[in-house]
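Report on the structure given below.
The values are calculated or read from the model by the stated rules, or taken from the named source; none is laboratory data. This structure is a prediction, so every number in the text was calculated from the model and none was measured. Virtual Cβ from ideal backbone geometry, glycine too; neighbours counted across all protein chains shown. Only protein heavy atoms, including side chains, enter the accessible area calculation; ligands, DNA and RNA are left aside. Shrake-Rupley method; radii C 1.70, N 1.55, O 1.52, S 1.80 Å.
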Amino acid sequence: MEFTIEFDKQQIEAIENILQEELIDLGVQSVILMDLAGNVIVNLESGDKRHDVYSLAALAAGNYGAVSAMANIIGEQEFSLLFHKGEEESIHFSKVVEDLLLLTIFNKNVSLGFLRLKVAEAVKRIQALI
Amino acid sequence: MALINPKKKEVQVKIVYYGPGRGGKTTNLEYINRKFKKRIQSEMVTVKTYGDRTLFFDFLPFDIGEIKGHSIKIQLYTVPGQVKYNATRRLVLRGVDGIVFVADSMDLRREMNIRSLQNLKENLETFNKNIFNIPLVMQYNKRDLEEEGIPILSIDTLQKDLNSRLQAPFFPASAVRGDNVAATMKKIIAFTVSSLRKKLE
Ligand SMILES: Nc1nc2c(ncn2[C@@H]2O[C@H](COP(=O)(O)OP(=O)(O)O)[C@@H](O)[C@H]2O)c(=O)[nH]1
Ligand SMILES: [Mg+2]
């Protein structure tokens, strides 16, 4: 049995700090760093809303796979960004590296433009770590 | 490809129920969901398509005990069995740690079982995995049909067709009645966790 990317405790803590600073402190409700098998690597939540992150990650992995297959059909390698907009809450996905996704759940108080900027920042910092 | 989180002291284990469409994979998970309700905090997730067939997977997370101080999160998935969904079926196999192959005992489904097992083998190969090296349990489902006078394959025939080379542990079962559903699940969990434990040591 081989493992995905392996993380040690320090790495996970460093990633948690990045996600806290760049996203949670900004007002984002929930961030999940996950792999494409649907495993949750890091999860941070703010406020009192708790999401079922394991189910979310499983579905996000499936969704990402489906959208990548769509990308291939139109001649793209993949779509590295995905965004689902809701009335109150929205979900943003960004690829971090091969096999790793960052999923962000945020509400109307956070603008999409700003969120994208911050996600890009966080992704860059995580990439530097792994 | 189980995921170990050294900070949360948690291992995530992915088990996939594979097999021909209409063989009883979803029925297995539904039974487990009912029977083990107490240990399952989240709802079972089913991604359906038109009609009542699974497009992506059914997903059922639950917790069982520990290995080496790590809590174990088991994630059970089923795949869509229909031929046209191979792309999604393959995706669900990404990072799989253990497999239950749910075969349909009905006489009429003999070829479909064989084809589905072959398809599993090929899909695993695309992830550089060998069906002989991954924990696998066979389930011969729908044994109850015999009582209704519906012709079913003998266990011998199923063993010859599907398990002569694999030599995997096997269970005759009836997912609608719940016969051997828990036994199949316990076997694949024990098998997968023990092969993981060896990796952790
Ligand atoms: N008689 C009988 N029917 C079953 C059994 N397991 C499943 N079925 C039926 O077979 C059909 C397909 O089952 P399902 O679980 O959806 O199959 P899947 O496509 O493998 O997920 C349903 O109508 C089930 O009620 C069984 O053990 N015995
Ligand atoms: Mg099904």
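For the stretch B:55-77, which positions are open to solvent by 10 Å² or more (accessible area, probe 1.4 Å) and either farther than 28 Å from B:Glu10 by Cβ or in contact (Cβ under 8 Å) with a residue 24 or more places away in the chain (or both)?
B:Leu55, B:Phe56, B:Asp63, B:Ile64, B:Lys68, B:Gly69, B:His70, B:Ser71, B:Lys73
For residues in the stretch A:49-80 being under 12 Å from B:Phe59 (Cβ atoms) and open to solvent by 40 Å² or more (accessible area, probe 1.4 Å), which is nearest to the other protein chains (Cβ to nearest Cβ)?
Selected residue: A:Asp52.
Every residue in the stretch B:160-201 that is among the β-branched types (Val, Ile, Thr) and farther than 25 Å from B:Leu3 by Cα, please.
B:Val176, B:Val181
Mind checking whether some residue in the stretch B:128-138 is within 15 Å of ligand 2 (Cβ to nearest atom), closer than 27 Å to B:Asp179 by Cβ, surrounded by 16 or more Cβ atoms within 10 Å (Cβ to Cβ) and within 13 Å of chain A (Cβ to nearest Cβ)?
No, the stretch B:128-138 contains no residue that is within 15 Å of ligand 2 (Cβ to nearest atom), closer than 27 Å to B:Asp179 by Cβ, surrounded by 16 or more Cβ atoms within 10 Å (Cβ to Cβ) and within 13 Å of chain A (Cβ to nearest Cβ).
Among the numbered criteria (1) within 14 Å of chain A (Cβ to nearest Cβ); (2) farther than 29 Å from A:Leu44 by Cα, which one does B:Thr46 miss?
That leaves (2) as the condition not met.
Can you tell me which residue within the stretch B:152-192, out of those that are β-branched (Val, Ile, Thr), under 23 Å from B:Glu30 (Cβ atoms) and over 13 Å from the mean Cα position of the chain (by Cα), is surrounded by the fewest Cβ atoms within 10 Å (Cβ to Cβ)?
If we take residues in the stretch B:152-192 being β-branched (Val, Ile, Thr), under 23 Å from B:Glu30 (Cβ atoms) and over 13 Å from the mean Cα position of the chain (by Cα), then B:Val176 is surrounded by the fewest Cβ atoms within 10 Å (Cβ to Cβ).
Looking only at the stretch B:13-43, filter to residues that are facing chain A (nearest Cβ under 10 Å) and modelled with pLDDT of 90 or more; which one of those is farthest from the chain's Cα centre (by Cα)?
B:Val13
Only one of these conditions is not met by A:Gly113: (1) surrounded by 12 or more Cβ atoms within 10 Å (Cβ to Cβ); (2) in a helix (DSSP H, G or I). Which number is it?
Going through the list (1) surrounded by 12 or more Cβ atoms within 10 Å (Cβ to Cβ); (2) in a helix (DSSP H, G or I), A:Gly113 breaks only (1).
On the basis of being more than 10 Å from ligand 2 (Cβ to nearest atom) and out of contact with any Pro (no Cβ under 8 Å at 6 or more places or on another chain), does B:Arg22 make the cut?
It is false that B:Arg22 is more than 10 Å from ligand 2 (Cβ to nearest atom) and out of contact with any Pro (no Cβ under 8 Å at 6 or more places or on another chain).
Can you work out which of the residues in the stretch B:78-101 that are open to solvent by less than 10 Å² (accessible area, probe 1.4 Å) and among the aliphatic types (A, V, I, L, M) is nearest to ligand 2 (Cβ to nearest atom)?
Among them, the one singled out is B:Val79.
Is it the case that the stretch B:108-121 has a residue that's part of a helix (DSSP H, G or I) and within 14 Å of chain A (Cβ to nearest Cβ)?
The answer is no, given that none of the residues of the stretch B:108-121 is part of a helix (DSSP H, G or I) and within 14 Å of chain A (Cβ to nearest Cβ).
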